[in-house]
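A short worksheet on the structure shown next.
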Amino acid sequence: MMTLMLAGLLAGCERFRHETYTCPYNAIGLHELIINDDKAGADLTVIEIDDEYSIPIGSISEDQMMASNTEMVLMLNRKTGRLNITMGTRTVFMTCEKTIFTM
């Protein structure tokens, strides 16, 4: 009985979570967004066709994530993968495919 309880508790524990949003071809060259730590202040990894960099996450919930730097503001619906990117006066919308890897 104790073994079953312990196995059930361990099954619910996540030691590592890798949440990836793979985006379709787009004019700004964005390829993927990667969330490894879903807390405000953690870094969002942005992978473009020819570059990779981090942007601090400003706010994050189960449904939404917002991250920004001096060049862009990213608003992501974590449920649907719908992404809104604003760069200056230009706004781009796309839907990215979400995959989650946990250990």
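We did not get these values from a lab; they are worked out from the coordinates using the rules stated. Note that the structure is a prediction, hence the values are computed from the model and not measured. Heads up, the Cβs are rebuilt from the backbone with ideal geometry, glycines too, and the neighbour counts pull from every protein chain shown.
Which whole-Hz couplings ³J(HN,Hα) result when phi for each residue of the stretch 53-66 is put into the Karplus expression 6.51 cos²θ - 1.76 cosθ + 1.60, θ = phi - 60°, listed in order with x for Gly and Pro?
7, 10, 10, x, 6, x, 8, 8, 9, 4, 9, 10, 9, 10
If I model a spin label at residue 98 and residue 37 as a point 7 Å from the Cα along the Cα→Cβ vector, what separation in nanometres do I get?
Modelled inter-label distance: 2.2 nm.
Go ahead and set up a Gaussian network model of the chain, Cα springs under 10 Å, then flag whichever of 90, 17, 78 fluctuates most.
Largest GNM mean-square fluctuation: 90.
Can you list the HN-Hα couplings for the stretch 37-42, worked out from phi with the Karplus curve (6.51, -1.76, 1.60; θ = phi - 60°), rounded to whole Hz and with x for Gly and Pro?
Result, rounded to whole Hz: 9, 8, 10, 4, x, 6.
Quick check: the angle from helix 2-11's long axis to the longest principal axis of the chain, C-alpha only, nearest 10 degrees?
That works out to roughly 0 degrees.
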